[in-house]
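Where a number appears in this text, it was derived from the coordinates with a stated rule and is not lab data. Since the model is a prediction, treat every value here as computed from it, not as a measurement. Heads up, the Cβs are rebuilt from the backbone with ideal geometry, glycines too, and the neighbour counts pull from every protein chain shown.
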Amino acid sequence: MSRLVRALFGIPAAVVLIAAGTTAVASAATGKPSGAPPEGLGVWCVSVTGAKACFGQSADKVWVKDTKANGESAAGTIYNKDSGTDWYRECFNTRGADGGWVVCDFDVPENREGLLWAVNNPFIGAQGSTKIWTTIA
């Protein structure tokens with residue numbers, strides 16, 4: 001077998017084997033109109049210019065509010081990366097600053113440390129985060 005043939009088959013096979021050792025679970029949704037998130041134990045919130053996001057531990061919900069009338073959406077993301085299991089859930093608020101809160105109901109891995117991000121103008125805008133914990137089943 002020529003070196004070129006071995007290289008053409010060997011490199012993709014190595015990439016497949018490396019990728020097989022990692023797991024990423026993702027979910028994104030446009031939020032449904034909602035009231036404000038609950039307050040108290042097990043609820044974390046983070047704000048940046050143009051966005052506020054909250055995570056409710058017992059309900060696995062993410063609330064997002066667009067707080068700046070700038071024509072851009074807002075997003076709330078919960079993210080975790082530990083011991084070979086990567087996951088994130090992202091909730092978008094496309095209703096604008098006058099649209100109030102939206103909520104996304106997610107199923108997340110239990111008993112995990114993670115981050116809650118608030119983002120104005122998702123992927124490129126202002127962003128901030130805070131540490132969260134998911135519930136113990």
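Residues that are exposed (fewer than 15 other Cβ atoms within 10 Å of the Cβ), touching a helix residue (DSSP H, G or I) at 6+ places or on another chain (Cβ under 8 Å) and not hydrophobic (A, V, I, L, M, F, W, C) within the stretch 27-69 comprise just one, P33. Restricting attention to the stretch 75-104, the residues being within 12 Å of the chain's Cα centre (by Cα) and closer than 14 Å to W63 by Cα number 9. Cβ-Cβ distance below 6 Å, separation of 6 or more or different chains: which pairs start in the stretch 82-108 with a residue that is under 19 Å from P122 (Cβ atoms) and end on one that is charged (D, E, K, R) and crowded, with 19+ Cβ neighbours inside 10 Å? Once the first residue is under 19 Å from P122 (Cβ atoms) and sits in the stretch 82-108, its partners that are charged (D, E, K, R) and crowded, with 19+ Cβ neighbours inside 10 Å give N93/D66; G96/D66; A97/D66; W101/K65; V103/K61; F106/R89. In the stretch 82-128, of all residues being crowded, with 19+ Cβ neighbours inside 10 Å and aliphatic (A, V, I, L, M), the one that is farthest from V64 (Cα to Cα) corresponds to V108. Of the strands (runs of 3 or more DSSP E) lying entirely inside the stretch 24-77, those carrying at least 1 residues that are free of Cβ contacts under 8 Å to residues at least 40 places away in the same chain are 43-48, 51-56, 61-66.
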